[in-house]
Amino acid sequence: MSPTTRQRIQIAAGVLWLVIVGLGTGMLWKYSNTPNPDPTPPAHWPAATMIPRADGWASLVMFVHPRCSCTSASMGELAVLMARCQGLVNARVVFFRPSGSREDWTHSDLWQAAAAIPGVTVQADKDGREARLFHAETSGHTALYDAQGELVFDGGITASRGHSGDNDGRDAITALLHGKTPERAQTPVYGCLILKPESKPSDGVK
């Protein structure tokens, strides 16, 4: 093989590598910045829910898949939010738990992280019953209801998938809890699906 031919092969290989890297980076960026189209939660706190709500208090509820690594960022943002809003809200993180699973399947690192946040209560959600009642399909979906049980915010509290830092969701909830009007009352949700489409329960809640 002549030096010229070898050089051409090396250049071609280099160009191909750059194309592959570029495509991979583009796909990763698109994945990180593409939210899941979750429906809006009920306008009023669901009567059929088993999640307690204290009259006269705002209630925040976040739905989580315990094995979704993306949700670590949401948990970090929740910790920041609660530090800024202590005494202003009852907060609960609800973890999906499929029937037949062991208790430690739900008690993941995310469960431990949520339980360590002051002011946050954690609970398991068998077969996603509560998530379905609140129309939460994506891990990290957060809803805030006011003291009268009316929905005032829903969405995610990260700017993209697995991204920590300032974001519209966290700012909106903080503003609402301090009696201010946020710029947005709904934000995109980035995370893993709580229930796979083929495994979602039927509409009859049991």
May I ask what percent, to the nearest 5, of DSSP beta bridges between residues of region 89-167 are antiparallel? 35 percent
Solvent exposure ordering (accessible area, 1.4 Å, most first) of His141, His178: His178, His141
Provide the net charge surrounding Pro182, with neighbours chosen by a C-beta distance below 9 Å and charges set as Lys +1, Arg +1, Asp -1, Glu -1. -1
Subtracting the Cα-Cα distance of Glu150 and Thr121 from 0.36 nm times their residue separation yields 8.4 nm
If you take every residue apart from Ala124 with its C-beta less than 15 Å away from the C-beta of Ala124, what net charge results, scoring Lys and Arg +1 and Asp and Glu -1? +2
Gain in length, Arg67 to Asp166, computed as 0.36 nm per residue apart minus the alpha-carbon separation, to one decimal in nm? 33.2 nm
What spacing in nm lies between the two simple spin-label points modelled at His44 and Arg102, each 7 Å away from Cα in the Cβ direction? 4.4 nm
Top to bottom by accessible area (1.4 Å), largest first, where do Arg102, Arg67 land? Arg102, Arg67
Interchain or sequence-distant (5+) residues whose placed amide H lies within less than 5 Å of the amide H of Ala159 are none
So, over other residues within a Cβ distance under 15 Å of Thr40, counting Lys, Arg +1 and Asp, Glu -1, the net charge is -2
Please list Glu137, Glu103 in order of solvent-accessible area, largest first, computed with a 1.4 Å probe with all protein chains present. Glu103, Glu137
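The values are calculated or read from the model by the stated rules, or taken from the named source; none is laboratory data. The structure displayed is predicted, hence computed values, not measured ones. We place every Cβ from the backbone using ideal geometry, glycine too, and count neighbours over all the protein chains shown. Just the protein is used for accessible areas: all its heavy atoms, side chains included, with ligands, DNA and RNA removed. Shrake-Rupley method; radii C 1.70, N 1.55, O 1.52, S 1.80 Å.
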